[in-house]
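Let me begin by presenting the structure, written as structure tokens, before commenting on it.
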Amino acid sequence: MLETIELSVSYGAVQALKGMNLTVPRGEVTAVIGANGAGKSTLMRTIAGLVKPQSGQVLFDDVDITGKKPEDIVRMGMALVPEGRSTIPELSVDENLRLGGLWRNKQERGEARDQVFALFPILGERKGMRADTLSGGERQQLAIGRALMSNPRCLLLDEPSLGLAPMIVTQILELVSNLAKESNIAVLLVEQNAVTALRVATTGVVLNLGEVVKSGPAAEISSDEELRHAYLGY
Amino acid sequence: MTNFIDYLLGGFSSGAVIALMAIALVLVWRSTRMVNFAQVGQAMFTTYIALTIQQQTGNWLLALVVAIAAGVVLGVIVFFLVIRPVKNSDSTGAIIATFGVLIALQAGAGMIWGGDPEGFVPPVDNSGLEIGGRIWPFSLYDILVLVVTAALVIGLTLLFTKTALGLSMRASAFNPEVARLSGVRVNRMLITGWAIAGGVGAVGGILIAPVSTISPTSFDILLVFAFTAAVIGGLDSLVGAVTFGIGTGLIISLISGYSDSSNAPVVALILLALNLLLKPDGVFSHHGSRSV
């Protein structure tokens, strides 16, 4: 389980997160939604260790990971798929995947790789090709696949729908939601695309200007018209 | 025509050494996105160490191994003492700092070993081979230089393409943030890049020493040629560094043969300028843009 306690982050004079409290249980998807600039990416980058918080704590299975380095956090079992299909175009598909779990032993890596290929068969077919020959949806699968190579207990997905066709987004998110259930992974999904995100999520959290304005069951959030108009813009 | 072939043959081994120095520059570039102008100074220093060992023991192989080890250590020292503190401010500062290291190494070498050029005895015969009743400008030593260079290039290629360390280093170079998020200890990879560059440079230095001579500044000209080769090759490509390193060696040999060796650096700089005007990203670069 992932928890943030009174997490605050600021960039100079701009406060991006104001005392954020969040719980992400295992086995389900928790969606954080909100407009551009709500602090969603900051939240993800802070949890993953790329940004140092001003105050507050990040707990991962009751271990305080606040301020740890990203390379240590991922080795503890928390993997971030950053915004914008974060594959490395110069490397092959297989190299991109291998990169995700290089510190693990050979057998573990082999098993993880087989699982990823079973989940995303296209990656197995294209494993020898350079990552920049893949389509947008395939690259997003590769980015998620790489994160899975670390055998995460918690998966952080930052705006996976960005630039993808709606049908592909739905496919990928449903796959992720099944994965959360089957492998008992805590998934934290951050999305601007609220409709799709809330469809696969169990819990929804609405973020505005660095503050949680509402959290509750995803169905409740998506049917709250006032909330939708005020913060989600549809 | 005979002259042409002779000049060409004479250029291969110096081209190989230029390629090695260019590889060293490329490895540093790939790690920290900057040019290490102290690279030839480090190579000069380790070659002096090799010279001392060879003079004491007469064992070239021992001298080579110690020079490589010293090159690796020196690479790490330069990274920690000079590059790392400056790196966080801006890269121009760090590049200037590498010039400082170059001058310090030259001054240090002058104090320890004196400023007079010294000869370096080659481990095998360096006189032209006689084949078919004529003497060719190609010696047993030239063959050794090419074999060592080829072995090193193959070894590095295997390291980068076949091993976990190589993959981590490449990922760290292409996208440090994604590498860190994948669990790669990027800082260690940067240091490793500098260390390997130091070792490769040391090999280049010890190989060129018997052909030139060694003095605190005798490798400076090598920097001009290696820098040209590395930049034309795209600064981040090993293939580019090797291709244009050897190419530069051949061109220098032809120019020295037909005109005068003092023209060679000028031609190298003209090539560099043309490259930056016509194809500023280099021929083998992975990336769309860069700043030198």
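The values are calculated or read from the model by the stated rules, or taken from the named source; none is laboratory data. What you are looking at is a predicted structure, and each value in this text was computed from that prediction instead of being measured. Positions of Cβ are backbone-derived with ideal geometry, glycine not excepted, and every protein chain shown enters the neighbour counts.
Mind telling me which of the residues A:Arg104, A:Arg109, A:Arg146, A:Arg98 ends up being within 14 Å of the chain's Cα centre (by Cα), within 22 Å of B:Val186 (Cβ to Cβ) and not acidic (Asp, Glu)?
Being within 14 Å of the chain's Cα centre (by Cα), within 22 Å of B:Val186 (Cβ to Cβ) and not acidic (Asp, Glu) holds for just one of A:Arg104, A:Arg109, A:Arg146, A:Arg98, which is A:Arg146.
Only one of (1) of a type in the set (Lys, Arg); (2) assigned to a helix (DSSP H, G or I); (3) under 23 Å from A:Arg228 (Cα atoms) is not met by A:Lys18, so which one is it?
Only one criterion is unmet by A:Lys18, namely (2).
Can you name the residue in the range A:52-65 that is closer than 16 Å to A:Ser8 by Cβ and surrounded by 19 or more Cβ atoms within 10 Å (Cβ to Cβ) and, of all such residues, is farthest from the other protein chains (Cβ to nearest Cβ)?
A:Pro53
Looking only at the range B:252-266, filter to residues that are farther than 24 Å from B:Met44 by Cα and among the hydrophobic types (A, V, I, L, M, F, W, C); which one of those is surrounded by the most Cβ atoms within 10 Å (Cβ to Cβ)?
B:Ile255
Of the conditions (1) crowded, with 20+ Cβ neighbours inside 10 Å; (2) out of contact with any Gly (no Cβ under 6 Å at 6 or more places or on another chain); (3) not charged (D, E, K, R), B:Gly249 satisfies every one except a single condition; which number is it?
For B:Gly249, the failing item is (2).
Please verify whether A:Val195 is of a type in the set (Val, Ile, Thr) and in a helix (DSSP H, G or I), treating the condition exactly as stated.
The answer is yes for A:Val195.
From the list B:Gln42, B:Gln55, which residue is part of a helix (DSSP H, G or I) and free of Cβ contacts under 8 Å to residues at least 40 places away in the same chain?
B:Gln55
Go over the candidates B:Phe99, B:Phe120 one by one and state the one that is over 21 Å from B:Thr243 (Cβ atoms), assigned to a loop (DSSP other than H, G, I, E, B) and in contact (Cβ under 8 Å) with a residue 40 or more places away in the chain.
Only one candidate passes the filter, namely B:Phe120.
If we scan the range A:113-132, do we find a residue that is assigned to a loop (DSSP other than H, G, I, E, B), more than 14 Å from A:Val81 (Cα to Cα) and among the β-branched types (Val, Ile, Thr)?
The answer is no; no qualifying residue exists.
Residues being in a loop (DSSP other than H, G, I, E, B) and charged (D, E, K, R): count how many of those fall in the range A:143-188.
2
Results for (1) away from chain A (no Cβ under 11 Å); (2) more than 18 Å from the chain's Cα centre (by Cα); (3) of a type in the set (Ser, Thr, Tyr); (4) on the phi > 0 side of the Ramachandran plot, shown as yes or no for each residue.
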site	(1), (2), (3), (4)
B:Gly108	yes, yes, no, no
B:Phe120	yes, yes, no, no
B:Gly133	yes, yes, no, yes
B:Leu144	yes, no, no, no
B:Leu167	no, yes, no, no
B:Asn175	no, yes, no, no
B:Leu181	no, yes, no, no
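Being in a helix (DSSP H, G or I), of a type in the set (Ser, Thr, Tyr) and either in contact with a strand residue (DSSP E or B) (Cβ under 8 Å, 6 or more places away or on another chain) or without any contact (Cβ under 8 Å) to a residue 24 or more places away in the chain (or both): is that true of A:Thr30 here?
No; evaluated as a whole, the condition is false for this residue.
When you look at B:Trp113, is it surrounded by 13 or more Cβ atoms within 10 Å (Cβ to Cβ), touching a strand residue (DSSP E or B) at 6+ places or on another chain (Cβ under 9 Å) and under 20 Å from B:Thr217 (Cα atoms), yes or no?
yes
Can you find, within the range A:80-90, the residue that is nearest to A:Asp114 (Cα to Cα) among those that are more than 7 Å from chain B (Cβ to nearest Cβ) and in a loop (DSSP other than H, G, I, E, B)?
Checking each candidate, the answer is A:Thr87.
Could you list, in sequence order, the residues of the range B:55-70 that are crowded, with 24+ Cβ neighbours inside 10 Å and farther than 13 Å from B:Ala197 by Cα?
B:Ala63
Condition first: among the polar types (S, T, N, Q), in contact with a helix residue (DSSP H, G or I) (Cβ under 8 Å, 6 or more places away or on another chain) and within 30 Å of B:Phe99 (Cα to Cα). Can you find one or more residues in the range B:135-154 that meet it?
yes
Suppose we filter B:Thr161, B:Thr149 for residues that are among the hydroxyl-bearing types (Ser, Thr, Tyr) and under 17 Å from the mean Cα position of the chain (by Cα); which single one remains?
Just a single option satisfies the conditions, and that option is B:Thr149.
For the range A:91-100, enumerate the residues that are under 13 Å from A:Ala147 (Cβ atoms) and more than 7 Å from chain B (Cβ to nearest Cβ).
Within the range A:91-100, A:Asn96, A:Leu97 qualify.
B:Leu222: aliphatic (A, V, I, L, M), at pLDDT 90 or above and surrounded by fewer than 24 Cβ atoms within 10 Å (Cβ to Cβ), yes or no?
no
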